[in-house]
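Participant: Pasting a structure below so you can have a look.
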Amino acid sequence: MTGSHTARVGRRSGEGPARRRRRKRSKVRIAAITVVSFLVLLAAGAGWFYVHLDGKITTFGADGVSRDRPAAGTGGSNVLVIGSDSRSGGNSKLGGGEGAVGRSDTAFLLHVYGDRKHAVAVSIPRDTLVTIPACKLPDGQWSRPKPNTMFNVAFTIGETPKGNPACAQNTVEKLTGLRVDHTMVVDFEGFSKMTSAVGGVPVCLPNEVRQGHLNPNRGSLGKVIFKKGPQTVSGQKALDYVRLRHGIGDGSDIGRIKRQQAFVSSLIKKVKSQGMNPAALLPLATAATESLTVDPGLGSANKLISFAMELKDIDLHNTKFVTLPWRYQGARVAIVHPEADQLWAALRADRTIDGKDARGDKSGDADDGGKADPSPSASVSGAGISVSVYNGTTVTGLAARAADELKGSGFTVDRTTTASTQHLATTVIAYGPGQEDQAHTVARLFPDSTTRQATTPGIDVTVGTSYAQAPAAGPSPATTEVPPDLAKKARSADDNPCSDLSYG
């Protein structure tokens, strides 16, 4: 008994180290399999996440985007954001406009600077009188240009439930001389869902608001629906807040723009405060993709998330809001010049509201003390780039003027002559294979220009009437700075939500 027990103990003690090594290896394998399985599940989950979101994104056709476009920016990017008040689908119960035609309730152009550390949103009043260029209709035909027309009409061209985002984009490019890189449309239902997904948005009202203020046709003021002061709103209540016109300010669309800017500021602040964690982002991402109609360039979850990640390093204080310089013209809104032109020129030059160089291609702010370059073209070097210049107008000497400006920036001008047509509206820069980057360098001297690829080598600049109307000596120093009065009125995303809520 004792011997047998001793033998068994001896066998166990003799085999112990090997068995322990096997057990250890077994545990390592189990741990490794567990980790790999987890990663596989995580990857599968991420795949499901992207597929889930991809299936909810709606895009509009790029065939409606004009071919006569401003040149692409060299650093910053521009995103047109449109709020639609169509009553189609689930929007009807939320108080959209009458009928099934998609209408533009609000719009702003977001300029993200080249350094990806600054951004500014420029609100465009819906009653602003602009020229709406030719736009594609549902039957494939193109509309005639509409001068002196309210800006929000562009979105209704074609009278479809989803509106005409491409026409609104064409109009903004025509208005600003800036290339719109992306366009997003958010409807009432989606807006409502997004505000609920973040758990509500802190807002403020300068005085209490009653039912009759929200619906002036009601016949009586009714009960209080918004108390005076700070509060948190979501869903229908958030929608009512941003759409409210009466009882606050002058009762106009202009009167509520600053309140909308304050709301977006507060929404950005709320999202940032919740952090970049899946629990917070998944409901918001789902709500956003359900509500957005975007251009094909943002037509997938991967593209949308990549774009969103580009914005993550922009500080709240460096996220600004301004309104296109305006004045009343009867019941409509007219653009104030030259202040509006100076604003667009500053964005083209990637100058911030406070005049800093935010192109992101140099450490300019630290080196130059934040001083503005003398002009958008001051840093353009044409060394090694040869161009031919053509006059596409009936203005005598215009090609020679453009040639002198090009030579002044170091370009080589091979020839200067008259184009085959003298009815060109904007400057066209044609470039041969492999010369796209050089063409974009040339385009920086011609802000209101378009670039087109040609089959033959070389770069041809055909100047249009827009160049003829520009100052002969090129942009003045002031054109790269935001007008001082406009800069003073700018809102930052970290401002008090109770401050500066109306023009009225």
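The values are calculated or read from the model by the stated rules, or taken from the named source; none is laboratory data. Predicted model only: the values in this text are computed from it and were never measured. Note that each Cβ is placed from the backbone with ideal geometry, even for glycine, and that neighbours are counted across all protein chains shown. Areas reflect the complete protein model, heavy atoms only, side chains present, ligands, DNA and RNA absent. Shrake-Rupley method; radii C 1.70, N 1.55, O 1.52, S 1.80 Å.
Participant: Tally the residues that are within 23 Å of L267 (Cβ to Cβ) and more than 24 Å from the chain's Cα centre (by Cα), restricting the search to the range 209-239.
Facilitator: 14
Participant: Those residues that are open to solvent by 30 Å² or more (accessible area, probe 1.4 Å) and either closer than 18 Å to A349 by Cβ or within 29 Å of the chain's Cα centre (by Cα) (or both), I need them from the range 452-471; list them, please.
Facilitator: Result: R452, Q453, T465, Q469, A470, P471.
Participant: Continuing with this model, one more query. Take the range 386-403 and flag every residue that is surrounded by fewer than 20 Cβ atoms within 10 Å (Cβ to Cβ) and within 22 Å of E436 (Cα to Cα).
Facilitator: Correct list: S386, S388.
Participant: List the helices (runs of 4 or more DSSP H) inside the range 250-359, counting only whole elements, that have at least 1 residues being modelled with pLDDT of 85 or more and more than 30 Å from L129 (Cβ to Cβ).
Facilitator: 253-274
Participant: Moving on. Hey, can you tell me all the residues within the range 119-140 that are open to solvent by 10 Å² or more (accessible area, probe 1.4 Å) and either touching a Gly at 6+ places or on another chain (Cβ under 7 Å) or in a loop (DSSP other than H, G, I, E, B) (or both)?
Facilitator: R126, D127, P133, A134, K136, L137, P138, D139, G140, listed by residue number.
Participant: Further, regarding this structure: What's the total number of residues in the range 404-449 that are in contact with a strand residue (DSSP E or B) (Cβ under 7 Å, 6 or more places away or on another chain), β-branched (V, I, T) and open to solvent by 40 Å² or more (accessible area, probe 1.4 Å)?
Facilitator: 4
Participant: So R243 fits all but one of (1) in contact with a helix residue (DSSP H, G or I) (Cβ under 8 Å, 6 or more places away or on another chain); (2) over 23 Å from F321 (Cβ atoms); (3) open to solvent by 50 Å² or more (accessible area, probe 1.4 Å); what number is the exception?
Facilitator: Here R243 meets the rest and fails (2).
Participant: Looking only at the range 205-235, which residues are open to solvent by less than 60 Å² (accessible area, probe 1.4 Å) and touching a strand residue (DSSP E or B) at 6+ places or on another chain (Cβ under 7 Å)?
Facilitator: Of everything in the range 205-235, those that are open to solvent by less than 60 Å² (accessible area, probe 1.4 Å) and touching a strand residue (DSSP E or B) at 6+ places or on another chain (Cβ under 7 Å) turn out to be L205, V209, Q211, G222, I225, F226, G229, Q231, V233, S234.
Participant: Now for a different question. I want to confirm something. Restricting to the range 189-204 and keeping residues that are touching a strand residue (DSSP E or B) at 6+ places or on another chain (Cβ under 9 Å), of a type in the set (A, V, I, L, M, F, W, C) and open to solvent by 10 Å² or more (accessible area, probe 1.4 Å), which single residue is farthest from S104 (Cα to Cα)?
Facilitator: M194
Participant: Right, L292: open to solvent by less than 60 Å² (accessible area, probe 1.4 Å) and closer than 30 Å to K488 by Cβ or not?
Facilitator: Considered against the rule, which asks whether it is open to solvent by less than 60 Å² (accessible area, probe 1.4 Å) and closer than 30 Å to K488 by Cβ, L292 comes out as no.
Participant: For T465, indicate whether it is modelled with pLDDT of 85 or more and touching a His at 6+ places or on another chain (Cβ under 9 Å).
Facilitator: Considered against the rule, which asks whether it is modelled with pLDDT of 85 or more and touching a His at 6+ places or on another chain (Cβ under 9 Å), T465 comes out as yes.
Participant: Restrict the check to the range 73-82 and report whether at least one residue is modelled with pLDDT under 90 and open to solvent by less than 20 Å² (accessible area, probe 1.4 Å).
Facilitator: Scanning the range 73-82, I find at least one residue that is modelled with pLDDT under 90 and open to solvent by less than 20 Å² (accessible area, probe 1.4 Å), so the answer is yes.
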